[in-house]
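Note sheet for the following structure.
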Amino acid sequence: MVNRRVVIGLLAAGAAAATYGIFFMSSDEDEIRELCDELEAALTFPAERGNPAFFALALRDKLKKVLAPNAQLIVPEAGEGALGLDAAVGGAMQIGGGFKSAGVDLENVRISISSKTSASVTCRAVATAFDHAGGPQRHERDVTMEVEKIDGEWRFTRITAIRTGE
């Protein structure tokens, strides 16, 4: 009788753990997709940004949450080679300052997980900016992002954005 209760208890615990794993634990791919969503949100410049200095600090904080320390951002037409966090924020603020609002959408996101701590993401980034007269400007880039799990969290270590068709 005792053995039967132990077996039933172990089966119930196993079923509960499996159910939790299936329905409540996020997979690495889900976590990387959330990281991509956070990057999109960080690269949104709303019309009502307030003080540019405070907005730049907020942008830096948002990017620090998704970028690994010493992450590199490469945009060949910028002509400066790999950019670090501060240079990327400065460039984004300079470009964003010329527009009323702007946002980035990552489309056709494909995730390739190569190990428990390494992955890559390929996608198309579509930036839509509205000038102060209200007219939209659309820019597309083919993007490759290297992702690593650092201290249990996925972070971008390298982002390369190349003009579509180059």
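The values are calculated or read from the model by the stated rules, or taken from the named source; none is laboratory data. Remember, predicted model here, so these are calculated numbers, not experimental data. So basically every Cβ, Gly included, is an ideal-geometry build from the backbone, and we count neighbours across all protein chains shown. Note: areas computed on protein heavy atoms with side chains; ligands, DNA, RNA excluded. Shrake-Rupley method; radii C 1.70, N 1.55, O 1.52, S 1.80 Å.
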Classify region 119-166 as rounded, prolate or oblate from the Cα gyration tensor: take a ≥ b ≥ c as the square roots of its eigenvalues, call it rounded if a/c is under 1.5, otherwise prolate when a/b beats b/c and oblate if not.
oblate
Got a number for carbon plus sulfur as a percent of region 33-123's accessible area, 1.4 Å probe?
55 percent
In Å², and per residue, what accessible area does region 25-166 have when probed at 1.4 Å with the other protein chains present?
57 Å²
Mind listing which trypsin sites (Lys or Arg not before Pro) in region 78-145 are in a DSSP loop and have 13 or fewer other Cβ atoms within 10 Å?
K116
Which values, in whole Å and largest first, are the semi-axes of the equivalent ellipsoid of region 54-166 obtained as the square root of 5 times each eigenvalue of the Cα gyration tensor?
25, 17, 13
When the chain is fully extended, how far beyond the present Cα-Cα distance does T122 get from A82, taking 0.36 nm per residue of separation?
12.6 nm
Tell me, how many Å apart are the Cα centres for region 44-103 and for region 126-166?
11 Å
Under the rule rounded for a/c under 1.5, else prolate if a/b exceeds b/c, else oblate, using alpha carbon gyration tensor axes a ≥ b ≥ c, region 33-78 is classed as prolate
By a straight-distance test (C-alpha under 23 Å), which lysines pair with K116 as possible cross-link partners, with residues fewer than eight away in the same chain excluded?
K64, K65, K149
